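The values are calculated or read from the model by the stated rules, or taken from the named source; none is laboratory data. These numbers were taken from a predicted model, which means no experiment stands behind them. Neighbour counts run over all protein chains shown; Cβ positions are idealised from the backbone, glycine included. Keep in mind that these areas ignore ligands, DNA and RNA; they rest on the heavy atoms of the full protein, side chains included. Shrake-Rupley method; radii C 1.70, N 1.55, O 1.52, S 1.80 Å.
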Amino acid sequence: MDNSLKIEDVFIQIRDKLQKESVKLWLLPYYDSQKGPSEDDLQRLAADYARTLQLPQQSCFAALLELQSNALEKLKQRNRFKESGLATLKIKVLKQSGTPKVIVKEVPLTMIGEEFKKSIIDEIGVPLDQCKLISGGIVIKDLDTLGEQGIKNGSQVLAIILVESLSNIKEDENRVREIESTRADTFLLASDDGYMQLEDQHGNAINIPMKEKKALMVAMALHEKGRSALKKEDFAKALVFFLDADKEFSICNAQILNSVDNYALLDLDIAWCYLCLQSFVHLPEAYERLKRCEDRFHQTYGPNLERLLAVKGTTGNEAALLMRLHLMQAIVLYHQNKRTEAKQLLIRVEGELNKLKVDENSLLMLVELGYSIAESRLGLRATQGDVNMAANHINEIRTKRMESRNKAMAERILQRERKKLGLCIDGKQYVDPNYLKMLVNMGYGKEAARVALQKTNNIISDSIQYIQENPVPGPSNTKSQEILAFIEDLIPELEAAGFTYEMSKLALKKHSGDVMKAAEDLLINNGLIEGLEDLLDDDKNVQDKEQREKERKLKEEAFNRLCQDISIADDDHLDLNLLKEEVFLQQYLELLQSD
């Protein structure tokens, strides 16, 4: 076990006993302003505590001396702040590797964040844009004063360095701006369902206003960036992304946040980062986040996962998230010196973790069948380790998601086309694209058919009569010309779903303008329609085509940047290997074994 945890264990118990007994180490008999610390009185107190807490007397004495020194230093800092207005701030500098460095600064709270950051990087020797400062659960802003951002005398700050060494600076110089890049790329793609679409756990589309959708998409993209760093155990970088995601989520409408569990999962991830960074000063914030997360889980899944079981038919993978939640709650209880409650919860966590373990041979068998490691682990947990049932479960999930996504995409295409054709005179329904295609195939002009359907509220027989009674003046187009015009109007609908202009046109021609069949054909064949290239005619709107291609390339580049280290695998957030959880569990059980 890490020796620092054993030392912290003594401090937790001594500190709690001092508070309960209202012992003030900075006053007589333990401290005299003229003579200094009274070692005899401190030794007597250490002996008393050693007997009561069953701890080594020397460890108790060392803890009392340090706690006394800390208390006296805080009094000095408080007096200096009253006299000079200079706040004492303790900064813990975190890098990907190496022991954290702690530095102390005395600064006015009127100093802006950027100046404060400059004073820190002068000591640690890194560029300004490679350092992020965190206090009170927020990333410190450059242009606001420290006081405006809730920083007080005695506050503790985390300084996170995003680049590890000078040799990595050239390679990573653009990655320190990932948050701004992620935000810009997500805004570009959020309005295009072909690249980004909100879905529920079954793959069904969630439709919300575009402004809310963009805010939610940015928050979720930042969250995914953080999860990617978390999987690489770059906890400092992950925390930066998570806290920025937290800020974006807070902008979203509360009702929308209540409809998704992402916000609760973010609280869980932030608390997990604090634990992995051993940042015990953030435990009060972690406690609040874990409580929020637990409330949201109970609301979403049910207190005993019964709602989840009814919806998904299995609870195995969400149970892994609950196990991590319970583990962190137990650790927070331990650091609050609620040792009995902590031990009881840790024993419960031990049982939960053992149920979630996956047999490595079974995992390998599924991987050899062509399933991903994440799919295999999730499938085995969902079926209590049965390989055959796990394979069937994975296939069922894949099929359901594909069906839901196909249905959602087809409905989006149809709805866009309806809106483009206009409302009928009843003001309730849009002109039906399928009925329009039927009339065009019968030889009627597209515009004449559209107006007829609009005037007759989509009644085909009445529409035919209307066209006959209200002929459109001027030369009529041929049937083939009308179908070609109809197809040209439908191409953008398929392009918006992520298919290329050429393939969309081929698919529509192949299926005589039936947008649903064309979309299905493209989906089945991964967006490719082969062997029909001769059906493509010369594009008369070259400039429009070039503009569309330019926009497509911009979106493609943005999408590729986002996907560089974001997992697009379904349920990836549930794929926990539980190795680190088991290490923490054993560490804290060992600390409490004598209780």
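Tabulated results
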item: Residues with amide H under 5 Å from that of Tyr430, placed H, sequence gap 5 or more; result: Cys424
item: Range of Cα positions in segment 1-151 per principal axis (Å), largest first; result: 52, 42, 25
item: Long-range amide H partners of Ala87 with built H, under 5 Å; result: Val107, Leu109
item: Segment Leu423-Asn406, length gained on full extension (0.36 nm per residue, minus Cα span); result: 3.6 nm
item: Cα-Cα over 18 Å, subset of Lys428/Lys455; Lys74/Lys141; Lys95/Lys231; Lys101/Lys132; Lys437/Lys505; result: Lys74/Lys141
item: Trypsin sites (Lys or Arg not before Pro) restricted to segment 383-431 and DSSP loop, no more than 15 other C-beta within 10 Å; result: Lys428
item: Long-range HN-HN contacts of Lys101 with modeled amide H, under 5 Å; result: Val93
item: Share of carbon and sulfur in the accessible heavy-atom surface of segment 1-46 [1.4 Å probe, %]; result: 46 percent
item: Of Lys118/Lys152; Lys357/Lys580; Lys247/Lys291; Lys17/Lys580, those spanning more than 22 Å from alpha-carbon to alpha-carbon; result: Lys17/Lys580
item: In nm, spacing of pseudo-spin labels at Leu86 and Ile373 (7 Å Cα→C-beta vector); result: 5.2 nm
